[in-house]
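Notes follow once the structure below has been shown.
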Amino acid sequence: MTEKTPLKGLSMLQVKKLQEQYGKNVLTPQKKIGFLHKLLHIISEPMFLLLIAASVIYFILGEPRDGAVMLLFVLGIISIDVIQEWKTDKTLRALHSLSAPHIKVIREGEEQEIESEDLVPGDLMLIQEGVKIPADGVVLRGSDLRVDESSLTGEAEGVWKVTTEEGEASSSDYWRKDYCYAGTLVVQGSGTVRVEKTGPSTEYGKIGQHVATAPERPTPLQIQTNSLVKRSAGIAAMLFVLVGVITYINIPDHAFGARMIESILSGITLAMAMIPEEFPVVLTVFLSLGAWRLAKKNSLIRRLPSVETLGAVSVLCVDKTGTITMNRMRVQEIWAADCTKTDLCETMGLGCEPDTYDPMEKAMLDYCTERGISQAHLFSGTMLKEYSFTNELKMMGHVWLHDGTVLVAAKGSPERILGLCNLPAAKKREAEEKVLEMAAQGLRVIAVGKMFPATEAEIPAELTDCRLTFCGLVGLEDPPRESIKKDIAVCTQAGIRVVMITGDNGTTAGAIAKKIGMPGSDRILTGDRIEAMSEEELRKAVRRVNIFSRVVPQHKMRIVQAFRENGEIVAMTGDGVNDAPALKYADIGIAMGKRGSEVSREAADLILLDDNFSTIVETIEDGRKIYDNIRKAIGYIFSIHIPIALASLFAPLLHVVPANLMLLPLHIVLLELLIDPTCSIVLERQPAEPDTMHRKPRDPKEKIVTAGSLLKSIAQGIILFAASFGAYYALLSRYLDNAPLARTMGLSILIFSNLFLVQVNTSEHAYTVQSVLRLAHDKVMWAAHLLTIGGLLALLYTPLGGYLKLTPLSAGQFFAALGIAAAAVFWYDLVKLIRNIGKKKQR
């Protein structure tokens, strides 16, 4: 083989100048949404329009101080929303950066990995099977380089690429064979490409500039929350009219204009109380922060809706190599047939790629080196021909001119290699028994054969035309990951069915499955049988089969489809080019971050940065936790809005004049300032429930607000209303001339109840004390609670209270409010106690 001149690539100084000249390698630069645009979007929400209307009415009523305070509160809530949106955007940008496509390049003589958008003309790209080419460029070097250009040309057949040295530069065809194009896919081999065009200048870019991006569809969760907000707004509109009319009737002694304004103000108060505008905020914040936390645990979510789907996964389809096993192949055993062990090793080595990246071939070459057969010796000859590996053939070979002799070295699955060997029946039976024996130990078995054509002219055109001499068998071991047995047990307990899909033979797969304690290790279905099955037969088969062996990528898609048609929510792992369709078809496609192809990562919903099965299990647990926390937050929002809304509704019905209402618009805004941070800070940070992985996956059709959760929220809300409004109304009836005292008492009970309600609702099983202890170390949670208490004290015992029509409480009244709030909330711990006792009895 001829020695190749090392390639140095661009210097960093050249890269910087070229980036300034050509810009980023993107089709269209991302448009940044301006701050003013975001601000206007927030202000246009119904809640803010009501707040602004209320402040205007205060000015009309001749109460500029109240109007000014209202506007300050409006600014406060807008600030909170802007900060939350900024944090969410920052998180999503960070996630986008992590999931950005990468490419290997040579710069300053060293190989390095960069983001594809940082490519510049002149860069030397290193491409291999599975890479989606990110720029146009000329092929400098290639080894069995075949590219699928159907995305540009429409031609399904892959194009074999040649180098510029082979005279293709002057080709008259528009699509050159010595050229690679952005947006196309490497399906075989590897190569070095010098970039010539990037971004909009590429052939793909020219097309892409004229294609409009598809609008994003709302997720089921977004649809549900938007529907809840709209329904609440519709109810609020009706009650707005009702309360306005009642208030107008209750104040006959006022002038017509004053009566109308007071009526509108009462209606606005109720409408503000009814609209749960926190729902969309909760959804966005919880999903984005959840995705960011998952990224820290080596699970990179590429599409936010996947976070909500994770909690519903019922079937987990995983590859054996690298996911269940450690992907550290080593030759454990060899069995020589009609040759010496040295001959077997040498033939095995010659059947490997000289510059291999395949773990199995690396293990074989390492084994040769350990036995004194160096790679320098193996590859000192000239490679005359290569028989490429395909999923259909399941074997490969090289033709070498080695030590003056033409040699065909072939390796592959035993059934295929043995089929090309002229073995006596007894010898073939002996070899097949040895294959079963090695496979039963969990070894991956590779057969090796060779042939000596007399001349180069007699080299067979295809490997299937060869008549091989059988050399022997190689047994490779890829040990299971240390934690895999425990992880399988966790999945089984969580109602998640783990399914192994592998290209290995069934005996090896079954032995590994048995070793790791995987249920159904004796139920195996082969790719050949899948091929012969109808869709209906396959749907029935997947209900009981847990191991699929000798499958090709097309089978993976059919298996996933069969599971989904049976009503399962399927997560699927993959790393190869041909895994992309199955990953796309699964409910959650999981690509391998280390060994996965760029195409599989692009098709996936989730990228596993450490290729570890344990990370998948942790990710599913986190997905369940995030969904649970969203439900808790929505239930909490319902509970806390009910007493606010009922207080705004019942006061006019009880003929309370507008000036003496328990909650004026000012106070509802104040409560909103408490509710938003409580939702997005305290509840989002809640750890997983102890039984998170002890229960079956949730039904994906289940609504975010169930009858049970709604009933709980209504019960909590009504009791909170009875406690706060009852205390307010009792004091108002007793001290008719001291409405501020009654209002302060009612509002204080609501604020204390808000703090207690969060802790009670953090778990359906753990008691409040246990919930507090679980987050005792969380400084953020304590800060949120202490700020709330500090704010209440400031309202009660500083001049700020006067501006808000409040008055200080005595020590007795203060602790009475605290006690009433505790009683109004902590009753739910008794419900938990009764429920927990019932569950213990059932066991």
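The values are calculated or read from the model by the stated rules, or taken from the named source; none is laboratory data. Computed from a predicted model, the values in this text were never measured in an experiment. Quick reminder, even Gly has a Cβ in these numbers, built from the backbone with ideal geometry, and neighbours come from all protein chains shown. With ligands, DNA and RNA removed, areas are computed over all heavy atoms of the protein, side chains included. Shrake-Rupley method; radii C 1.70, N 1.55, O 1.52, S 1.80 Å.
Within region 777-804, residues that are without any contact (Cβ under 8 Å) to a residue 24 or more places away in the chain and on the phi > 0 side of the Ramachandran plot have Cβ atoms under 8 Å from residues that are assigned to a helix (DSSP H, G or I) and surrounded by 12 or more Cβ atoms within 10 Å (Cβ to Cβ) in no pair, counting only partners at least 6 apart in sequence or on another chain. On inspection, THR492 fails the criterion of being within 23 Å of PRO697 (Cβ to Cβ), touching an Asp or Glu at 6+ places or on another chain (Cβ under 6 Å) and of a type in the set (Ser, Thr, Tyr).
Hey, among the residues in region 92-120 that are at pLDDT 85 or above and open to solvent by less than 20 Å² (accessible area, probe 1.4 Å), which one's farthest from LEU304 (Cα to Cα)?
First pass over region 92-120, keeping only residues at pLDDT 85 or above: 103-120.
Within this subset, residues satisfying the condition of being open to solvent by less than 20 Å² (accessible area, probe 1.4 Å) are 103, 105, 107, 114, 116, 119-120.
Numbers: ILE103: 24, VAL105: 30, ARG107: 35, ILE114: 24, SER116: 22, LEU119: 28, VAL120: 31 Å.
Here the residue is ARG107.
Taken over region 496-524, the criterion of being open to solvent by less than 10 Å² (accessible area, probe 1.4 Å) and of a type in the set (Ser, Thr, Tyr) is satisfied by THR502, THR508.
Filtered by the rule that a residue be crowded, with 18+ Cβ neighbours inside 10 Å, farther than 29 Å from GLU433 by Cβ and either in contact with a helix residue (DSSP H, G or I) (Cβ under 7 Å, 6 or more places away or on another chain) or at pLDDT 95 or above (or both), region 363-397 gives a lone residue, LEU378. Of the residues making up region 323-357, just one is basic (Lys, Arg) and part of a loop (DSSP other than H, G, I, E, B), namely ARG328. The criterion of at least 1 residues that are in contact with a strand residue (DSSP E or B) (Cβ under 6 Å, 6 or more places away or on another chain), of a type outside the set (Lys, Arg) and farther than 28 Å from GLY189 by Cβ is met, among helices (runs of 4 or more DSSP H) falling completely within region 358-454, by 425-440. Counting only helices (runs of 4 or more DSSP H) wholly contained in region 504-609, the ones carrying 1 or more residues that are in contact (Cβ under 8 Å) with a residue 12 or more places away in the chain and of a type in the set (Val, Ile, Thr) occupy 506-515, 527-532, 553-565, 598-603. Between a first residue in region 680-693 that is under 21 Å from ALA784 (Cβ atoms) and a second residue that is modelled with pLDDT of 85 or more and of a type in the set (A, V, I, L, M, F, W, C), which pairs have beta carbons less than 7 Å apart while being 6 or more apart in sequence or on different chains? Filtered contacts from region 680-693: VAL682/VAL758; LEU683/ALA633; LEU683/VAL758. Taking (1) of a type outside the set (D, E, K, R); (2) surrounded by fewer than 16 Cβ atoms within 10 Å (Cβ to Cβ); (3) without any contact (Cβ under 8 Å) to a residue 60 or more places away in the chain in turn, THR464 satisfies each apart from (3).
Note on region 175-187: residues that are open to solvent by 20 Å² or more (accessible area, probe 1.4 Å) and part of a strand (DSSP E or B) total 2.
In the condition set (1) of a type outside the set (Lys, Arg); (2) in a helix (DSSP H, G or I); (3) under 30 Å from LEU773 (Cα atoms); (4) open to solvent by 60 Å² or more (accessible area, probe 1.4 Å), LEU671 is compliant with all but (4).
Would you mind finding the one in SER771, SER763, SER748 that is among the small types (Gly, Ala, Ser), open to solvent by less than 50 Å² (accessible area, probe 1.4 Å) and within 16 Å of SER639 (Cα to Cα)? Write out each step before concluding.
Values: SER771 fails: within 16 Å of SER639 (Cα to Cα); SER748 fails: within 16 Å of SER639 (Cα to Cα).
Going through SER771, SER763, SER748 in turn, the sole match is SER763.
On the stretch given as region 107-166, residues that are within 28 Å of GLY23 (Cβ to Cβ), without any contact (Cβ under 8 Å) to a residue 60 or more places away in the chain and either basic (Lys, Arg) or not in a strand (DSSP E or B) (or both) total 6.
Output the residues belonging to region 275-322 that are among the hydrophobic types (A, V, I, L, M, F, W, C), assigned to a loop (DSSP other than H, G, I, E, B) and either surrounded by fewer than 24 Cβ atoms within 10 Å (Cβ to Cβ) or at pLDDT below 80 (or both). Walk me through how you get there before you give the answer.
Restricting attention to region 275-322, the residues satisfying the condition of being among the hydrophobic types (A, V, I, L, M, F, W, C) are 275, 279, 281-283, 285-287, 289, 291-292, 294-295, 300-301, 304, 307, 310, 312-313, 315-318.
With the extra rule that they be assigned to a loop (DSSP other than H, G, I, E, B), the set shrinks to 275, 304, 312-313.
Correct list: ILE275, LEU304, ALA312.
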